[in-house]
1. What does the extension gain come out to for Ala89 and Asp115, with contour length at 0.36 nm per residue minus their alpha carbon separation?
2. Any chance you could run the full-extension gain for Ala54 through Gln100? It's 0.36 nm times the residue separation minus the Cα-Cα distance, nm to one decimal.
3. Per residue of the chain, what 222 nm ellipticity follows from adding -39500 (n - 2.57) for every DSSP H run with n ≥ 4, rounded to the nearest 500?
4. Could you list which residues have their amide H under 5 Å from that of Ile160, counting only those 5 or more apart in sequence or on another chain, with H placed in the peptide plane?
5. Taking the Cα of Phe40, stepping 7 Å toward and past its beta carbon, and measuring to each backbone N in region 67-107: which are under 18 Å?
6. For the chain, what does the convex hull of the Cα positions come to per residue, in cubic angstrom?
7. Pairs Lys95/Lys162; Lys95/Lys209; Lys126/Lys221; Lys120/Lys180; Lys33/Lys227; Lys35/Lys72: which are spaced more than 29 Å apart, C-alpha to C-alpha?
8. Given H placed 1.01 Å from N in the peptide plane, which residues other than close sequence neighbours of Lys95 have an amide H under 5 Å from its amide H?
Amino acid sequence: MIKKAIFLLLLVFITSVTTSFAASDENGLRLIKVKPDREFELAPEEHNYAFSVADSKYLISNKGIVQWENQKGMLKNFKLYEYETGSDAGMYITKLFYTQFKDNLVILFELDDMDYGAAKIVMIKKGFSELMWIGHIPGFNLCNGLIEQNFIYIAASGFIGKLDLESGKYLWSYDDLYNKYKANIFVNIEISGDLAAFYYLKEPIYNAKSYVLKYSKVNGKLIGCSKVKKSE
């Protein structure tokens, strides 16, 4: 888990920044962001995330309890993580994205306990309440992921990675980008040819200057870091 300290963001600011960096999905599939069923100011305030995929309905509480129901009336409950015990005890879901991948379900979500933040990605088997794998993301300020073929590109405060959706394992990742580049708030991920570009802000302020880190998709080698031009 990462200490959130002074880097908590206002929802309005995040929305405006993300919108300004809206990108074409021609070279990748973005996940769908789910709005909570009620507005909340603090993570512990009760809220849920509801969505449907194919013939299944999902209702996920902010404590990670999933209620799954299909068209035949089958109903099951299961957990995305352990709220009561372990390293995620006391953590609440404050942001959630999902999509289908080869008929299975991918869920990307951020956790928060008001002091620390982290995130996770899970794969749920089609038609079952079964977690196929769980991936850890050591950062908050979770950015929407971008899927290309069998891989997803992920970004959170100080962290980026390329994860294999078949195995749930990272092909490459970096978790020291805040110290090196002050990469605090990733707002967009783009793919172009053999490059993966991660756009970020250093500060949660209005009209903050934006930067981009570019990596080789194949081996994760850094190609360069630069300030984003207005036309980019």
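Here, each number is a calculation from the coordinates, and none is a lab measurement. Since we're looking at a predicted model, the values are computed, not measured. Every residue, glycine among them, receives a Cβ derived from its backbone with ideal geometry; neighbour counts consider all protein chains shown.
1. Details: separation 26, 0.36 × 26 = 9.36 nm, distance 1.28 nm.
My answer for the length gained is 8.1 nm.
2. Values: separation 46, 0.36 × 46 = 16.56 nm, distance 0.92 nm.
Using 0.36 nm per residue and subtracting the Cα-Cα distance, I get 15.6 nm.
3. Numbers: 2 runs with 15 residues, N = 232.
The helix-only estimate for the chain comes to -1500 deg cm²/dmol at 222 nm.
4. Long-range HN contacts for Ile160: Tyr174.
5. Residues 67-68, 78-85, 88-98 qualify, since their backbone N sits under 18 Å from the label point.
6. Numbers: hull volume 28.2 nm³, N = 232.
Per-residue hull volume (Cα only) is 121 Å³.
7. Working: Lys95/Lys162 20 Å; Lys95/Lys209 24 Å; Lys126/Lys221 35 Å; Lys120/Lys180 23 Å; Lys33/Lys227 27 Å; Lys35/Lys72 26 Å.
Lys126/Lys221, as the Cα separations exceed 29 Å there.
8. It is Glu110, by chain and number.
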